[in-house]
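This report refers to the structure that appears directly beneath it.
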Amino acid sequence: MYRAIESLYCSRLGRTYATVNLILRHMALEVGMIPIETEAVWAICMHLEELRAQRSAVTVERSSSTWRLVYLALSNASERSGENTFGETQLLAVLVIDVDTSRVLAFRAEEQREEAELSSLALYDAMVSERHPQPLGACGLRWRIPAKLIVEGSLPENCQVGCRILGIVIECVSHEILLLDELREAWSNEQQRRKIARERRALVFESLLKQVFGMSPMRTREEHEHVFGRLVGYSQDPAQVFPALRAFLPEYSTVIDEDGVVFFDGLHYTEDLLTYWPGSRVTVKRSEHAEAVLWVYLGGKILCQAMARELARRDGSYRATRAGR
């Protein structure tokens with residue numbers, strides 16, 4: 001029982017002692033045993049606090065930098081020329097800019113996703129971009145966290161939670177950044193010069209970032225992957241190494257089916273613990289590193305990490321993504 005509690009509590013998933021107690025209760029009832037007392041579970045978890053801290057340690061550098069979250073709605077040429085735009089949508093771009101260095105740390109630009117979801121993913125990407133190899137750091141990494149985040153309007157609730165966890169101060173402002181006007185003009189000129197296919201608009205926007213800001217997140221990421229990609233810590237899923245980052249991932253509601261499987265985005269995710277809650281409504285967050293990984297939350301608390309059975313290999317490992325993705 002002690003080893004079971006240690007395994008459930010002292011992991012990077014970050015289960016609460018209440019969730020551990022709930023899991024043990026369901027396990028006991030499944031085999032007709034009397035569940036261990038709640039006080040005993042709590043006492044053992046408190047005894048394991050130091051070990052839990054060691055196993056889930058993250059090396060963080062608290063910088064004095066300020067980041068800014070920026071929204072850009074970029075219209076297409078047909079909208080400006082007054083042509084029939086039935087079925088057309090604007091390209092919504094969300095950027096995370098380091099105000100002190102005028103660097104674009106990350107961006108997400110799509111036409112079908114909502115602003116809140118793009119904001120969450122852009123902030124997640126920015127956090128991931130600021131990790132660097134550190135031989136003496138936990139998992140061989142050091143994470144650079146800003147002191148302040150400037151936003152225009154409201155910030156999605158999950159991002160507010162993530163900022164509170166990381167100790168980032170949120171400040172609302174409305175003044176413009178001059179380079180953004182230059183970026184809008186560059187986009188307008190590009191639209192006038194040629195018709196940009198919808199599936200290529202994000203890539204074109206990326207190239208304009210390089211033109212206006214002198215760098216682009218994609219090229220920076222590619223350079224880091226080339227230099228650091230073989231290092232064990234750097235190659236791991238960032239949200240597994242640094243669980244607080246999961247707060248910035250979009251959350252979706254779904255149900256555990258009668259076989260203990262979660263069906264999400266065309267894939268069936270399984271984990272032994274899910275079989276104890278058939279028919280239960282849960283929320284899920286999928287890894288941005290590998291679509292084979294899904295984190296399942298019960299009552300708002302992390303329950304387990306489930307894996308897509310369609311992506312399982314014969315040797316027990318998993319492919320990161322489906323073919324063609």
Review point. In straight Cα distance, which lysines are under 21 Å from K301, not counting same-chain residues fewer than 8 positions off?
Key: K285
Exercise for review: May I ask what percent, to the nearest 5, of DSSP beta bridges between residues of the chain are antiparallel?
Suggested key: 80 percent
Practice item. Going by C-beta contacts inside 10 Å, put F213, F248, F242 in order with the fewest on the left. Key: F213, F242, F248
Review point. Considering the dipole of the chain built from charges on the beta carbon (Lys and Arg +1, Asp and Glu -1) around the Cα centre, which of L249, L51, L149 is farthest to its positive end?
Key: L51
Point to revise | the stretch 251-311, Cα convex hull volume normalised per residue, Å³ | key: 72 Å³
Revision key, fill the gap. To the nearest 20 debye, the chain has a Cα-centred charge dipole, built from +1 on Lys and Arg Cβ and -1 on Asp and Glu Cβ, of 740 debye
Check your understanding: Within a Cβ distance under 15 Å of H268, other residues only, what is the Lys/Arg minus Asp/Glu net charge?
Key -> -4
Review point. If you take the charge dipole of the stretch 11-163 about its Cα centre, with +1 on Lys and Arg Cβ and -1 on Asp and Glu Cβ, which of N158, S119, C139 is farthest toward its positive end?
Key: C139
Check your understanding: Mind ordering 315-322, 203-210 by average Cβ neighbours within 10 Å, highest first?
Key -> 203-210, 315-322
Practice item. Please provide three numbers in whole Å: the alpha-carbon extents of the chain along the principal axes, with the largest listed first. Key: 72, 44, 39
Check your understanding: What net charge do the residues around R246 carry, taking every other residue with its C-beta under 11 Å from that of R246, with Lys and Arg at +1 and Asp and Glu at -1?
Key -> 0
Point to revise | Protection proxy ranking of 30-37, 60-67 - average other beta-carbon atoms within 10 Å, highest first | key: 60-67, 30-37
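Sorted by mean Cβ packing within 10 Å, highest first, what order do the peptides 230-236, 182-188 take?
182-188, 230-236
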Study note, to complete from the structure: Of all C-alpha pairs within the stretch 2-55, those more than 12 angstrom apart amount in percent to 61 percent
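Starting from the Kirkwood radius over alpha-carbon pairs of the stretch 118-277, derive D by Stokes-Einstein at 37 °C in a medium of 0.692 mPa s and give it in µm² s⁻¹.
Roughly 172 µm²/s, to the nearest whole number.
Provide, as a two-decimal number, the C-alpha radius of gyration of the stretch 87-195 over 2.2 N^0.38 Å, N being how many residues it has.
For the stretch 87-195, the normalised Cα radius of gyration is 1.24.
Every read-out reported here was derived from the displayed coordinates using simple, explicitly stated rules and does not represent laboratory data. Because the structure is a prediction, the values reported are computed rather than measured. So basically every Cβ, Gly included, is an ideal-geometry build from the backbone, and we count neighbours across all protein chains shown.
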